[in-house]
Amino acid sequence: MADPSECNVKVVCRFRPMNEAETNRGDKCLAQFFNDETVNFCKMQYSFDQVFSPDQTQEHVYTACARQIICDVLQGYNGTIFAYGQTASGKTHTMEGQLNDHLKQGILPRIIQDIFGHIDSMDENLEFLIKVSAEVQKNWDCLNTGDVTKTNLSVHEDKNRVPFVKGCTERFVSSSEEVMDIILKAKVNRHVAVTNMNEHSSRSHCIFMLSVKQENKKTKQILNGKLCLVDLAGSEKVSKTLAEGSVLDEAKNINRSLSALCNVISCLAEGRRCHVPYRDSKMTRVLQDSLGGNCRTTIICCCSPSSYNEAETRSTLMFGQRAKTIKNTVVVNTDLTAEQWQEKYEKERRRRRLLQSLNHRLQEELACLRPGNYDF
Ligand SMILES: Nc1ncnc2c1ncn2[C@@H]1O[C@H](COP(=O)(O)OP(=O)(O)OP(=O)(O)O)[C@@H](O)[C@H]1O
């Protein structure tokens with residue numbers, strides 16, 4: 001088993017192009033790009049692990065910030081990619097894109113195809129068990145075809161204290177086509193759920209999980225990698241959405257969970273790890289392992305270059321700057337084989353014997369030092 005290693009959360013920033021409405025309105029483009037790591041927005045400079053200007057392709061973004069995660073997951077690490085930014089800043093474009101268009105597809109379909117491509121070319125002694133699940137804001141279970149409006153699934157912790165959504169449907173899959181089919185159905189379910197709940201807002205967080213368990217038939221070694229792809233709801237101010245009534249309540253709810261996310265990030269960035277407020281929202285609880293846990297995490301800050309969105313873009317860039325300082329400690333998730341358990345047992349036995357003899361020597365020393373036993 002690999003030793004734990006500390007790695008920074010990787011934070012990248014992607015600017016979308018000015019859109020037609022912004023150009024027609026005469027908005028100014030406030031972003032200037034100098035190199036791959038720096039952007040100048042409204043006369044302030046921001047540095048990231050990588051900066052993507054509007055002309056950079058989906059393929060480029062995928063290769064630069066997502067491809068590595070496939071190796072991580074297949075080596076038994078957990079990996080998360082999440083997109084943060086205001087509405088229409090390009091989160092869904094980046095995470096999903098146009099699912100069936102080879103050039104315009106985003107990270108999710110590319111990762112799925114590459115994972116299965118890697119598996120096909122790997123050692124034939126390896127046996128894989130892959131399952132997927134998807135959930136959205138209010139913990140709707142998107143893969144549940146029987147009752148799509150089943151809401152408010154609760155968050156529990158597994159034996160390793162890792163939170164998970166209890167009762168969320170998981171599907172075993174055997175090909176990238178099967179996963180894509182499931183994703184398309186999940187999108188329809190999500191739409192039906194939104195309509196049934198009479199919520200006309202498209203704002204919601206969407207979390208897609210893929211677990212890969214692999215067993216080496218020769219060595220019996222088992223590795224468990226988990227991939228989590230998150231498309232967060234837009235982080236704009238509620239007043240800008242012109243929402244009213246139940247939509248306004250929902251918008252406030254979403255903003256509460258995003259503000260819980262910001263509080264968690266601030267806390268981790270300042271190194272205050274003992275009281276991280278993960279429990280302030282279900283979304284931060286579900287993402288607990290990705291934020292400050294056992295996970296290689298990439299955050300994609302999606303931004304609009306337009307002067308109309310200046311405040312939101314600044315706030316997204318500041319969010320990214322804070323998140324850059326977070327460090328996660330990652331370990332390979334492995335189930336031990338019988339021999340490894342035996343080895344671990346023997347090692348613990350040797351350690352126990354050593355501690356017992358040390359304890360014995362210290363007891364003797366203590367007895368000698370007790371009053372009246374000094375031998376000057
Ligand atoms: N980098 C880009 N290049 C070209 N078009 C883009 C880019 N980013 C976003 N767009 C376009 O901008 C529009 C809004 O993008 P998208 O729907 O991805 O935003 P979003 O942040 O997911 O919004 P919401 O929070 O409302 O879901 C879409 O039409 C999308 O195709």
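The values are calculated or read from the model by the stated rules, or taken from the named source; none is laboratory data. Keep in mind that this is a model prediction, so the values were computed, not measured. Virtual Cβ from ideal backbone geometry, glycine too; neighbours counted across all protein chains shown. For the accessible areas, the whole protein counts, side chains as well, though only heavy atoms, and no ligand, DNA or RNA atoms are used. Shrake-Rupley method; radii C 1.70, N 1.55, O 1.52, S 1.80 Å.
Brief remarks follow.
- Leading residue by the ranking (nearest to the ligand (Cβ to nearest atom)) among those in segment 69-83 that are part of a helix (DSSP H, G or I) and over 14 Å from the mean Cα position of the chain (by Cα): CYS71
- Identity of the residue in segment 313-331, open to solvent by 10 Å² or more (accessible area, probe 1.4 Å) and outside any loop (DSSP other than H, G, I, E, B), that ends up farthest from VAL264 (Cα to Cα): ARG314
- Some residue of segment 84-100 being of a type in the set (Val, Ile, Thr), assigned to a helix (DSSP H, G or I), touching a residue at least 24 places away in the same chain (Cβ under 8 Å) and more than 12 Å from the ligand (Cβ to nearest atom): no
- Test: LEU108 is among the hydrophobic types (A, V, I, L, M, F, W, C), in contact with a Leu (Cβ under 8 Å, 6 or more places away or on another chain), within 13 Å of the ligand (Cβ to nearest atom) and part of a helix (DSSP H, G or I): yes
- Comparison of THR87, THR92, THR80, THR63 shows that the only residue that is more than 20 Å from GLU312 (Cα to Cα) and surrounded by 15 or more Cβ atoms within 10 Å (Cβ to Cβ) is THR80.
- In segment 11-55, residue least open to solvent (accessible area, probe 1.4 Å) [restricted to those that are in a strand (DSSP E or B) and modelled with pLDDT under 90]: ASN35
- LEU30 within 14 Å of LEU317 (Cα to Cα), in contact (Cβ under 8 Å) with a residue 12 or more places away in the chain and away from the ligand (no atom under 12 Å from the Cβ): yes
- Checked against (1) in contact with a helix residue (DSSP H, G or I) (Cβ under 8 Å, 6 or more places away or on another chain); (2) more than 9 Å from the ligand (Cβ to nearest atom); (3) open to solvent by 20 Å² or more (accessible area, probe 1.4 Å), ASP120 passes all but a single condition, namely (1).
- Only listed residue being modelled with pLDDT under 80 and among the small types (Gly, Ala, Ser), chosen from GLY293, GLY320: GLY293
- Close Cβ contacts (under 6 Å, 6 or more residues apart or on different chains) running from residues in segment 53-68 that are more than 12 Å from ILE300 (Cβ to Cβ) to residues that are away from the ligand (no atom under 12 Å from the Cβ) and open to solvent by 50 Å² or more (accessible area, probe 1.4 Å) comprise SER53/PHE33.
- Failed item in (1) assigned to a helix (DSSP H, G or I); (2) hydrophobic (A, V, I, L, M, F, W, C); (3) within 21 Å of PRO163 (Cβ to Cβ); (4) at pLDDT 85 or above, with CYS267 passing the rest: (4)
- Of the residues making up segment 327-376, those that are within 30 Å of LYS213 (Cβ to Cβ) and among the acidic types (Asp, Glu) number 5.
- Qualifying residue in segment 283-296 (condition: open to solvent by less than 10 Å² (accessible area, probe 1.4 Å) and over 25 Å from SER133 (Cα atoms)): no
- Residues satisfying the stated conditions in segment 252-282, i.e. open to solvent by 10 Å² or more (accessible area, probe 1.4 Å), closer than 25 Å to GLU37 by Cβ and aliphatic (A, V, I, L, M): ALA269
- Filter result for the condition that a residue is surrounded by 20 or more Cβ atoms within 10 Å (Cβ to Cβ) and at pLDDT 75 or above, over VAL136, VAL155, VAL132: VAL132
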